[in-house]
Amino acid sequence: MGLSIGVLATRYLWVGVVEGNRLGAVAMYPAPGGDILDLKSLRADEMVSTIRQLIADVRKGEEVSSIGAGFPGIVRNGVIEESPNLGQLKGLPIAAQLEAALEKDCVHAPVTALNDADALAAGIAATKGAMEKLIRVWYLGDGVGFGRYPHSDGVWEAGHSVVSLDPKERFCGCGGLGHLEGIVGNRAIRLRFLDMEPEEVFAASRHGDARAVEFVKRWHRALAAATATSVHLDGPGRFYLAGPNADYVDVELLSMYLQDMVKMSPLQGSHFEIVPTSHDLALIGAAVSATLRSPRVL
Ligand SMILES: [Zn+2]
């Protein structure tokens, strides 16, 4: 048996060797402590060649038997069909391109491409020993990712759930009106406040700035609304919160809003839980998904 490798394109490019449900050697680009690079500025071919290099760095000449690679957006049949926050990847047949690039290094492993938040959900399931349960996760960063495990056929772009009918809510990276990401995502917060970074908005809210306080309530209500929609479609359960902006979540407030939005008794009993180190879990999940080769990711 060769190595099982996970790849992730979330803020950085990450590659890790996964043994069982544990993460071994990891390489990232840009390297830790180096410059911060917006992945938007990396051309698709540069991304493929960088991932090839990172895989060479972690495998150290050993054989590879499977590779699972998580990317933001709609990823189906090995193709990144749409990726609002990494537009250069739209239409990229990433699985075939990575396989072709790795052939040059005599790595003949199949590449399974999947949504990065789905990889995270699979990683949570694998490491928490809950492979049978329904796992849902919100990844809160520049955009809003929604991951679900087990994988199931469909699109599942719940980050673009409509949570507002106000036509002025137009800040989503995909261009759609009233979307969750258009309120909760960092890109949208910057467009709304123009002269404030997201962390400044949340800090201003803590200091009682009226506009920021109002926005932070709306931010939580938007996340609760999309969660409520998921509960009404898929039933109640545990919702994990991950990504850099999970730090801003007031779990009590979010739970209160959710309770206001879900009243039918069989649908009660959802919980929120914040997951740290989500990139580790997503790498594990990407690798594990590749070994499972479930219908959604084939
Ligand atoms: Zn959208």
Value in Å of the Kirkwood radius, where region 57-199 supplies the Cα pairs that are averaged | 16.7 Å
Tell me which residues come under 5 Å, amide H to amide H, from Arg76 once H is placed; ignore anything under 5 positions away on its chain.
-> Glu81
Kirkwood-based shape ratio for region 1-47, expressed as Rg/Rh from alpha carbons | 1.04
What nm distance separates the two modelled labels at Ala210 and Val162, each placed 7 Å from Cα along Cα→Cβ?
-> 3.2 nm
In Å, descending, principal axis extents of the Cα set of region 138-195 = 40, 22, 14
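Leaving out ligands and nucleic acids, note down the accessible area per residue over region 1-113 with a 1.4 angstrom probe, in whole Å².
47 Å²
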What span do the alpha-carbon atoms of region 126-247 cover on each of the three principal axes, reported in whole Å from largest to smallest?
-> 45, 29, 20
Given a Förster distance of 35 Å, the FRET efficiency implied by the Cβ-Cβ spacing of Gln259 and Ala56, rounded to the nearest 0.05, works out to 0.10
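Taking the Cα centre of the chain as origin, work out the dipole magnitude from +1 charges on Lys and Arg Cβ and -1 charges on Asp and Glu Cβ, in debye rounded to 20. Mind dumping the intermediate values first?
Working: 28 positive and 35 negative charges, 95 e Å.
That gives a dipole near 460 debye.
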Under 14 Å from the Cβ of Ala100, count the other residues' Cβ atoms, weight Lys and Arg +1, Asp and Glu -1, and hand me the total.
-> -2
Mind ordering 235-246, 277-288 by average Cβ neighbours within 10 Å, highest first?
-> 277-288, 235-246
Tell me the trypsin sites (Lys or Arg not before Pro) within region 14-54 that lie in a loop according to DSSP and have at most 16 other beta-carbon atoms within 10 Å.
-> Arg43
Select from Val251, Pro236, Pro276 the residue farthest towards the positive end of the dipole of the chain; place +1 on Cβ of Lys and Arg, -1 on Cβ of Asp and Glu, and compute about the Cα centre.
-> Pro236
Bounding extents of the chain in its principal axis frame from Cα atoms, largest first in Å, are 58, 44, 31
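Mean residue ellipticity at 222 nm from the helices of the chain, using -39,500 (n - 2.57) per DSSP H segment of n ≥ 4 over the full residue count, to the nearest 500 deg cm²/dmol? Let's see the in-between values first.
On the way: 9 runs with 110 residues, N = 298.
Only helices count here, giving -11500 deg cm²/dmol.
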Heavy-atom accessible area ranking, 1.4 Å probe, most first, across Ile135, Ile274 = Ile274, Ile135
Give me the aspartates and glutamates in straight-line cross-link reach of Lys263: C-alpha distance below 20 Å, same-chain residues under 8 apart excluded.
-> Asp234, Glu252
For the residue pair Leu191 and Lys40, what label-to-label distance in nm results when each label sits 7 Å from Cα along the Cα-to-beta-carbon direction?
-> 1.0 nm
The alpha-carbon center of region 1-65 and that of region 228-298 are separated, in whole Å, by 25 Å
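Taking N as the number of residues in region 1-103, what value does Rg over Cα atoms divided by 2.2 N^0.38 Å take? Intermediate values should be presented prior to the final figure.
Working: Rg = 13.2 Å, N = 103, 2.2 N^0.38 = 12.8 Å.
Scaled against compact globular proteins, the figure is 1.03.
If the chain between Arg22 and Asp234 were fully stretched, how many nm would it gain, using 0.36 nm times the residue separation less the Cα-Cα distance? Display every interim value, and only then the final one.
Numbers: separation 212, 0.36 × 212 = 76.32 nm, distance 2.95 nm.
Once the chain is fully extended between Arg22 and Asp234, it gains 73.4 nm.
Just in region 4-84: which GluC sites (Glu not before Pro) are loop by DSSP and have at most 13 other Cβ atoms within 10 Å?
Numbers: sites: Glu19, Glu46, Glu62, Glu63, Glu81, Glu82; in loops: Glu62, Glu63.
Loop-located and lightly packed - Glu62, Glu63.
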Pseudo-spin-label distance Asp153 to Ala31, built 7 Å along Cα→Cβ, given in nm, is 4.7 nm
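Does region 193-298 classify as rounded, prolate or oblate by the C-alpha gyration tensor (a ≥ b ≥ c root eigenvalues; a/c under 1.5 gives rounded; else a/b over b/c gives prolate, otherwise oblate)? If you can, show how the numbers build up before the last one.
Working: a/c = 2.66, a/b = 1.36, b/c = 1.96.
It is oblate, given that a/c is not under 1.5 and a/b is not larger than b/c.
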Cα centroid distance between region 146-200 and region 84-123, in Å?
-> 24 Å
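The values are calculated or read from the model by the stated rules, or taken from the named source; none is laboratory data. Nothing here was measured: the structure is a model prediction, and the numbers come from that model. As a convention, Cβ positions derive from the backbone with ideal geometry for all residues, glycine included, and neighbour counts pool all protein chains shown. What goes into the accessible areas is simple: the full protein's heavy atoms, side chains included, and nothing from ligands, DNA or RNA. Shrake-Rupley method; radii C 1.70, N 1.55, O 1.52, S 1.80 Å.
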